[in-house]
Amino acid sequence: MIFDLELILDSIPQMLMGLGLTLQLLFLSLALGTALAIILLLMRISGRWVLAAPAMAYIYIFRGTPILVQIFIIYYGLPQLELVRESILWPILREPFGCAIVALSLNTGAYVSEIFRGGVLGVDRGLKEAASALGLSARQRFIYITAPIAIRLSLPAYSNDVVSLMKSTALASTITLLDMTGIARTIVAETYAPYEVFLSLMVIYLVLTWMIQRSFGWIEKRMSRHVRSEI
Amino acid sequence: MSDNQQDVIVQVENVDKFFGDFQALKAVNLTVARGERVVVCGPSGSGKSTLIRCINRLEAHSSGRILINGHELTDDVKDIDAVRREVGMVFQSFNLFPHLTVIENLMLAPKLVRKTSKTENRELAMEMLARVKIQDQAEKWPSALSGGQQQRVAIARALCMNPEVILFDEPTSALDPEMISEVLDVMIDLAKEGMTMICVTHEMGFARSVADKVVFMDQGEIVETGPPATFFDSPKSDRTRLFLQQILSH
Ligand SMILES: Nc1ncnc2c1ncn2[C@@H]1O[C@H](COP(=O)(O)OP(=O)(O)O)[C@@H](O)[C@H]1O
Ligand SMILES: [Mg+2]
């Protein structure tokens with residue numbers, strides 16, 4: 001098989017026109033998902049059943065079902081409900097972009113909250129006891145001791161999750177959005193050249209993945225200054 | 001509050017502690033007066049850590065009463081906070097906050113609990129670091145210090161809260177032998193300055209020279225209490241004698 005090089009050189013810039021949308025999907029749902037993750041985490045570790053149980057159920061459902069199905073339910077399913085059409089969220093849920101953001105955020109929130117919980121559980125109990133013994137309140141212990149250490153512990157898993165989320169943004173193309181994958185699918189429909197186009201698309205995603213990993217590598221290095229001993 | 005009570009810093013009355021069905025403390029009584037140095041010893045698992053962890057409520061006792069400087073320890077968070085401000089604690093595993101520098105480790109509790117100014121806290125921290133002879137390490141990360149240095153920082157951190165009494169839970173057990181004396185020296189200095197101390201340790205030399213009172217625990221009970229001279233030279237109980245033989249023979 002011979003690759004049509006010209007087609008590749010042609011399609012890459014076209015697909016990159018969708019990069020902005022891909023990044024918007026990534027960063028918006030990452031921010032919202034992380035905020036949601038923190039709320040879910042606090043509910044889970046609150047020690048109060050009425051808060052912990054709903055959070056656990058939520059996490060179980062969103063981690064236990066395909067994200068594509070979640071996107072479909074939000075995009076195709078919710079508008080059927082009058083309640084939704086009359087709610088203040090309708091302007092968001094009416095648009096495919098809004099639906100994609102909501103679905104990706106809800107899904108990421110579930111995963112990231114488990115990652116953060118792992119970090120919190122990884123904090124040495126002795127450190128919390130030392131903080132108690134110094135008279136810090138439960139809230140102060142969480143803010144000044146548990147959280148900063150848990151964040152450092154969570155970072156590698158969190159960075160994997162950002163990569164996953166970046167890849168999941170491609171699913172937005174199934175609900176008519178023209179992100180990079182959406183554009184690729186349009187080009188393929190016109191040119192019948194799936195190999196060239198999708199392989200080029202893969203390369204673009206790989207570069208994005210590499211950039212995300214590098215950024216987190218840099219952050220991790222900065223945040224673990226304290227374990228290097230030369231300072 | 002009568003004069004008599006004011007002189008008692010720690011009062012443990014008839015305290016039991018259960019972990020599930022297991023009784024870790026059995027009707028323990030202990031009174032520690034201001035300025036008194038108490039050494040607690042006993043075999044592993046005898047309840048020494050449990051006792052001192054109950055004194056600052058890292059564990060809740062099951063029955064009996066514990067009073068610190070007149071405050072009774074109950075479930076009330078306010079009481080617990082009040083007591084913790086008066087009780088410092090030094091752990092076997094140092095427990096320095098790894099994400100904070102040495103001086104930040106010392107400044108955190110004064111900032112959050114006493115809400116004093118940053119300059120004040122820094123001055124106080126440097127003063128306490130000087131007291132444990134480690135001021136030149138102020139800006140380092142704890143992981144860059146030796147075990148002995150870390151434990152001295154932990155002592156300085158406890159001192160920053162100006163506690164009425166400091167609890168030590170085997171402060172030298174995790175240290176390499178050559179670092180034990182630098183920590184013991186700091187503790188001896190504190191004792192000389194009149195600090196009230198309850199110290200779980202198997203350093204019998206330290207107990208002999210510093211303690212006003214040695215407490216021997218076994219299986220959750222206080223078996224014997226006495227001044228070091230009588231405790232070491234003429235122990236009353238067979239269990240104490242056996243323990244001393246074992247610990248002094250190596
Ligand atoms: N959190 C806990 N849960 C259950 N058992 C415990 C707990 N802490 C201590 N124990 C038990 O209580 C006993 C006394 O422990 P500890 O006070 O740590 O002894 P020591 O400090 O004298 O070695 C031990 O048998 C230990 O296994
Ligand atoms: Mg112990």
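The values are calculated or read from the model by the stated rules, or taken from the named source; none is laboratory data. Quick caveat, the model's predicted, so the values are computed rather than measured. Every residue, glycine as well, gets a Cβ built from its backbone with ideal geometry; the counts of neighbours run over all protein chains shown. Surface accessibility is based on the protein's heavy atoms, side chains included, excluding ligands, DNA and RNA. Shrake-Rupley method; radii C 1.70, N 1.55, O 1.52, S 1.80 Å.
I'm checking my understanding of the structure. Among residues of region B:45-67 that are within 14 Å of another protein chain (Cβ to nearest Cβ) and of a type in the set (S, T, N, Q), which one is farthest from ligand 1 (Cβ to nearest atom)?
It comes out as B:N56.
Considering region A:42-69 alone, what residues qualify as being part of a loop (DSSP other than H, G, I, E, B) and either open to solvent by less than 70 Å² (accessible area, probe 1.4 Å) or within 19 Å of A:A150 (Cβ to Cβ) (or both)? A:S46, A:G47, A:G64, A:T65 - these are the residues of region A:42-69 that are part of a loop (DSSP other than H, G, I, E, B) and either open to solvent by less than 70 Å² (accessible area, probe 1.4 Å) or within 19 Å of A:A150 (Cβ to Cβ) (or both). Taking region B:18-44 as the range and being free of Cβ contacts under 8 Å to residues at least 60 places away in the same chain and either farther than 19 Å from B:R84 by Cα or within 14 Å of chain A (Cβ to nearest Cβ) (or both) as the test, the residues that pass are B:F18, B:F19, B:G20, B:D21, B:F22, B:S44. Applying the condition of being open to solvent by less than 40 Å² (accessible area, probe 1.4 Å) and touching a residue at least 24 places away in the same chain (Cβ under 8 Å) to region B:103-120 and asking which residue is farthest from A:G135 (Cα to Cα) yields B:I103.
The strands (runs of 3 or more DSSP E) found wholly in region B:12-82 and carrying at least 3 residues that are within 16 Å of ligand 2 (Cβ to nearest atom) occupy B:22-33, B:37-41. Please verify whether B:M179 is assigned to a strand (DSSP E or B), among the hydrophobic types (A, V, I, L, M, F, W, C) and either without any contact (Cβ under 8 Å) to a residue 60 or more places away in the chain or more than 16 Å from ligand 1 (Cβ to nearest atom) (or both), treating the condition exactly as stated. When the stated conditions are applied, B:M179 does not pass them. The residues on offer are B:E127, B:E104, B:E123, and the sole one that is within 13 Å of another protein chain (Cβ to nearest Cβ) and away from ligand 2 (no atom under 16 Å from the Cβ) is B:E104.
Checking A:L201, A:L177, A:L206 one by one, the residue that is open to solvent by less than 50 Å² (accessible area, probe 1.4 Å) and part of a helix (DSSP H, G or I) is A:L201 and no other. One residue alone among B:E139, B:E170, B:E221 is within 14 Å of chain A (Cβ to nearest Cβ), under 21 Å from B:V12 (Cα atoms) and either crowded, with 20+ Cβ neighbours inside 10 Å or not aliphatic (A, V, I, L, M) (or both), and that residue is B:E170. Are there any pairs with C-beta distances below 8 angstrom linking a residue in region A:7-18 that is closer than 14 Å to A:L178 by Cα to a residue that is modelled with pLDDT of 90 or more and open to solvent by 80 Å² or more (accessible area, probe 1.4 Å), with the two at least 6 apart or on different chains, and if so which? Filtered contacts from region A:7-18: A:G18/A:L178. Picking from residues in region A:122-160 that are charged (D, E, K, R) and part of a helix (DSSP H, G or I), the one that is farthest from the chain's Cα centre (by Cα) is A:E129.
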